[in-house]
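Where a number appears in this text, it was derived from the coordinates with a stated rule and is not lab data. This one's a predicted model, so the numbers in the text were calculated from it and none came from an experiment. Cβ coordinates were reconstructed from backbone atoms using ideal geometry, including for glycine residues, and neighbour counts include every protein chain displayed.
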Amino acid sequence: MTLPISVISVSGTPAECGAAYGAAAAPLIAANVRLYLQRFRDQAGLDAAAVRAAGAAFRRASAEVHPRVAAMLDAVAEGAGANAEELYALNGRTELIYGTRHDGDGGCTSIGVLDTHTTTGGTLLGQNWDWHPAQREAMVVLQTRDEHGFEVVTLAEAGMLAKAGLNSAGLGVCLNMLGSDRDGPRAGVVPYHVLLRAVLESDHLGGALRVAARTPRGASLNLLLGQAGKAGEYGGEVIDVEVVPGDLGWLHPVDGFVTHANHIETAVAVHDRQRDFGGASLFRGARARRLLAAIMDDRPDRKVNEEDLKVVFRDHGGYPMAICRHVDERDEPLERAETVFSVLLDLDERRFGLAEGPPCGHKYGFIRLGLS
């Protein structure tokens with residue numbers, strides 16, 4: 001089965017990749033910029049001038065810290081005929097909308113399973129990405145091969161460079177939005193989604209963790225990272241990292257797997273804003289752990305597969321604010337959310353899987369890394 005949205009495949013230097021992506025996705029990028037300019041006004045009180053000023057600051061910081069990623073994003077703007085500062089603001093939408101407040105129940109439930117606990121012997125990552133339903137119409141899968149042959153495939157909001165994805169080194173990432181009392185505007189921070197792209201440009205897990213730790217940031221996020229092993233030599237690895245401004249905490253798999261939702265589970269010394277308003281995050285990660293553990297308990301080898309992860313991602317416990325999230329019409333329109341897409345990553349096979357959400361009503365399609 002093919003993927004449910006367009007795959008944009010580009011190759012070359014970062015600038016060449018960005019320009020080709022921008023040109024191919026120009027109408028979607030324009031629509032997404034309009035969508036977020038409206039959200040910045042309605043949710044953060046930012047007019048176009050304020051958005052561009054914030055984007056200019058993000059652009060300067062990105063060019064200093066991650067110049068190859070910045071070169072790609074600059075070229076996306078040129079290729080799409082878009083304003084570069086607005087595109088940087090787009091990639092920093094989490095900082096701009098939620099930087100000083102976090103009064104929604106932004107979703108996402110992530111799972112990582114070590115290769116020792118999968119039936120195929122491959123390391124698996126996956127997540128449900130919960131966001132505003134209208135966002136589904138402005139999404140792409142971006143597949144790039146740089147001038148050195150290094151490949152990345154990732155889900156992306158049009159005009160952004162990354163979200164959940166994997167690369168040709170067998171490194172993958174899933175993500176969850178967090179909120180802490182350290183979030184907020186400050187000089188020199190790199191946007192959330194630029195950081196994600198820099199993580200996916202890493203060719204080993206230690207390098208990805210360096211990027212996560214060393215990138216100046218103004219928003220809290222959770223990164224579920226994994227890397228495939230090498231057959232006959234060593235196994236894969238999975239680690240979950242809660243990255244807040246100025247600090248980070250980490251979780252390792254227990255009984256072969258780790259799960260995460262949208263609240264802080266490590267001992268980082270911040271106030272978790274999820275505590276201020278509650279919501280489904282407080283049970284979704286734990287429920288995913290219980291569901292996966294129950295599947296393992298029913299099997300002598302205690303191993304799971306992609307089909308088992310699909311079962312978890314389609315779970316309706318706590319409906320409508322479940323792991324498989326559905327819109328609650330009682331929410332304010334700007335705060336309505338559902339599972340927009342569900343992602344499955346087989347790091348050893350370099351397979352990227354995607355289902356339109358909520359996944360209870362849709363099948364997963366898969367592609368493998370390898371540009372034609």
Check each of the GluC sites (Glu not before Pro) in region 208-266 and keep only those in coil by DSSP with at most 14 other C-beta atoms within 10 angstrom; list them in order. Glu233
Residue-by-residue Karplus 3J(HN,Hα) for region 280-290, coefficients 6.51, -1.76, 1.60, Hz, glycine and proline x: 5, 4, 5, 10, 5, x, 5, 5, 4, 4, 5
Just one of [x] -0.34, -1.38; [y] -0.73, -1.20; [z] -0.47, -1.20 is log10 I(q)/I(0) by the Debye sum over Cα atoms at q = 0.08, 0.15 Å⁻¹ as worked out from the coordinates here. Which one is it? [x]
Could you give me the ³J(HN,Hα) list for region 72-86, computed from phi with Karplus coefficients 6.51, -1.76, 1.60 and θ = phi - 60°, whole Hz, x at Gly and Pro? 5, 5, 4, 6, 4, 4, 5, x, 8, x, 9, 7, 4, 4, 5
Burial order of peptide ranges 326-338, 272-284, 220-232 (average beta-carbon count within 10 Å, highest first): 220-232, 272-284, 326-338
Cα-based Rg / Dmax (Å) for region 12-98: 12.5, 39
